[in-house]
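Contents: one structure, followed by commentary.
Quick note: the coordinates plus some simple rules give every number you see, no bench work behind them. What you see is a predicted model, and the numbers here were worked out from it, not measured in a lab. Here the Cβ is made from the backbone with ideal geometry for all residues, glycine too, and neighbour counts use every protein chain on show.
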Amino acid sequence: MKRKLRMGMVGGGKDAFIGSIHRLAANMDGLIEIVAGALSINPEVAKESGKMIFLEESRTYTTFEEMLEKESKLPADKRIDFVTIVTPNFAHYAPAVMALEKGFHVVIEKPITFTIEEARQLKKKVDETGLLLCLTHTYSGYPMVRQARAMVRQGAFGKIRKIIVEYPQGWLSKMSEREGNAQAAWRTDPKRSGKAGAMGDIGTHAAHLAEFITGLKITHLCADLNIMVPGRALDDDGNVLLKFDNGAAGILTASQIAAGEENALRIRVYGEHGGLEWAQQEPNTLLVKWLDKPTQILRAGTNGFLEKEALFNTRTPGGHPEGYLEAFANLYRNFALALAAHIEGQPKPEYVDFPSVEDGIRGMAFIDMVVKSGQSKEKWTPFEV
């Protein structure tokens, strides 16, 4: 590929948190440039946001429909290659489907759609077009998460028996959605967020991380969902018992009312011979625990001790902190490599190492099954995709 990939963005205007994160991540390796955008449903904000990131006025659009229609008619050497969708959950499906129909590849925030039915339809469209879709489950981009996955794949711990994953946050400990917090307002609104609150927002990250590292699939779950802040419409706390397809047992907790916590995602995985522990707030470290020898501390950047896929996703020498932006950028870099190979007509399956539409369907199924289980008096709910 002798040029940068051209990106268009839907959502992510000047007041949006996640839009700037995506732009930083996409730009980190110099493989991608943003050239077009429909950055807000408010036309004035869309135009102002385009000026702030130096988009051409002619390619600063006020609706995603306008952007996709006009971009599709541009010459092949100018039109966008792919679209990044960073809108609230309810506004994921329509631009994603239209992008695919117009021949554009897609990067999309999680959860992938508003309902599982939409997710299934989106997969049909991906399969029909043969285009690429990357779902930004950010935490799968960390190098030490990749190290953990490689060690489990190699059988270092024997058969996996126990998985404990927790994601406590404290930012919704008050009724912030009624105090001018725009992020809280849409994430706690069933009309914009969907049928689950904390479980849809961060529980899906925890579930994906458990399956990503272990390679196992959830088969059954038993959920207890809670609304701890009076007057809130969606769950802000929950606990889930899990069963996996190899017989392993799991525990998943997700809470946004854990006062004092920031973004304390942590996972522990235990097999017959040992286990591992990784925490998002100390992402360069992977603890490896053995039944019959001392615990090992593996660190990102320490060549000679890490697997190839961990090193491939490491950007700095040991001792230099890598974090959220770098993990995000790893997903964009891997997507860009896969897309460049696709455009050149020489697809390389090994490059397609990022969460996909299938992961998105499982995320929506997790939301559905957790809500269903939380409302049921039965102990176990089968996990149906």
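Does the range 75-156 come out rounded, prolate or oblate by the C-alpha gyration tensor, with a ≥ b ≥ c the root eigenvalues, rounded set by a/c under 1.5 and, if not, prolate when a/b is larger than b/c and oblate if not? All intermediate terms of the calculation are to be shown ahead of the outcome.
Numbers: a/c = 2.14, a/b = 1.68, b/c = 1.27.
Verdict is prolate for the range 75-156.
Quick one: which of 152-159, 342-349, 235-242, 305-312 comes out on top by average Cβ neighbours within 10 Å, and what's the full order, highest first? Don't skip to the end; give the middle numbers.
Numbers: 152-159: 14.6, 342-349: 11.6, 235-242: 22.6, 305-312: 17.1.
By packing density, highest mean first, the sequence is 235-242, 305-312, 152-159, 342-349.
How far, in degrees from 0 to 90, does helix 357-375 lean away from the longest principal axis of the Cα atoms of the chain, to the nearest 10?
Orientation of helix 357-375: about 60 degrees from the principal axis.
Could you give me the percent of Cα pairs per 5 Å distance bin for the range 210-338, shortest bin first, beginning at zero and ending with the bin that holds the maximum distance?
Result returned by the calculation: 2, 8, 13, 17, 17, 17, 14, 7, 3, 1, 0.
Along each of its three principal axes, how wide is the spread of alpha-carbon positions in the range 107-258, in whole angstrom units, largest first?
Principal extents (largest minus smallest coordinate, Cα): 49, 39, 29 Å.
What's the magnitude of the charge dipole for the chain around its Cα centre, counting Lys and Arg as +1 and Asp and Glu as -1 at the beta-carbon? Answer in Debye, nearest 20.
On the way: 47 positive and 48 negative charges, 108 e Å.
Value, rounded to 20: 520 debye.
For the range 46-129, which chymotrypsin sites (Phe, Trp or Tyr not before Pro) are in a loop by DSSP, counting at most 11 other Cβ atoms within 10 Å? Can you show the working numbers first?
On the way: sites: 54, 61, 64, 82, 90, 93, 104, 114; in loops: 54, 61, 104, 114.
Filter output for the range 46-129: 54.
Please list log₁₀ I(q)/I(0) at q = 0.17, 0.30 Å⁻¹ for the range 39-81, using the Debye equation with identical point scatterers on the alpha-carbon positions.
Here log10 of I(q) over I(0) equals -0.45, -1.06.
Listed highest first by mean packing, meaning other Cβ atoms within 10 Å per residue, what order do 168-179, 373-384 come in?
On the way: 168-179: 17.3, 373-384: 13.7.
In decreasing order of mean packing, 168-179, 373-384 become 168-179, 373-384.
First select every other residue whose beta carbon is under 14 angstrom from the beta carbon of residue 374; then total the charges, Lys and Arg +1, Asp and Glu -1. Before the final figure, lay out each step's value.
On the way: positive: 195, 372, 377, 379; negative: 224, 235, 236, 237, 368, 378.
Net charge around residue 374: -2.
For the range 173-248, build the convex hull from the C-alpha positions and give me its volume per residue in Å³.
About 96 Å³ per residue, rounded to a whole number.
Considering only 361, 22, 343, whose Cα is most displaced toward the positive end of the charge dipole of the chain, charges sitting on Cβ of Lys, Arg (+1) and Asp, Glu (-1)?
Value: 343.
What angle, in degrees between 0 and 90 and rounded to the nearest 10, separates the Cα long axis of helix 204-214 from the longest principal axis of the Cα atoms of the chain?
60 degrees
Given that compact globular proteins tend to follow 2.2 N^0.38 Å, what is the ratio of the alpha-carbon Rg of the range 5-131 to that value?
Details: Rg = 13.6 Å, N = 127, 2.2 N^0.38 = 13.9 Å.
Working it through for the range 5-131, the quotient is 0.98.
What is the order of 324, 270, fewest Cβ neighbours within 10 Å to most?
On the way: 324 17, 270 20.
Listed from fewest to most nearby Cβ atoms, that is 324, 270.
Roughly how many Å is it from the Cα centre of the range 49-107 to that of the range 226-260, as a whole number?
35 Å
Among 145, 165, 288, determine the one that fluctuates most according to a GNM of the chain built with springs between C-alpha atoms less than 10 Å apart.
288
Kirkwood hydrodynamic radius, the chain, all distinct C-alpha pairs: what's the number in Å? Please report the intermediate quantities before stating the final value.
Values: mean 1/r = 0.0465 Å⁻¹.
This gives a value of 21.5 Å.
Go through 374, 155, 45 and say which Cα lies farthest out towards the positive end of the charge dipole of the chain; charges sit on Cβ, +1 for Lys and Arg, -1 for Asp and Glu.
Farthest along the dipole direction, towards plus: 155.
Between the helical axis of 324-343 and the dominant principal axis of the chain, each derived from Cα atoms, what acute angle in degrees is found, rounded to the nearest 10?
Between helix and principal axis, roughly 60 degrees.
For every helix of n ≥ 4 consecutive DSSP H residues, a contribution of -39,500 (n - 2.57) applies; sum these over the chain, divide by its total residues, and give [θ] at 222 nm rounded to the nearest 500 deg cm²/dmol. Write down the numbers at each step before the final one.
Details: 12 runs with 129 residues, N = 385.
Result for the chain: -10000 deg cm²/dmol, rounded to the nearest 500.
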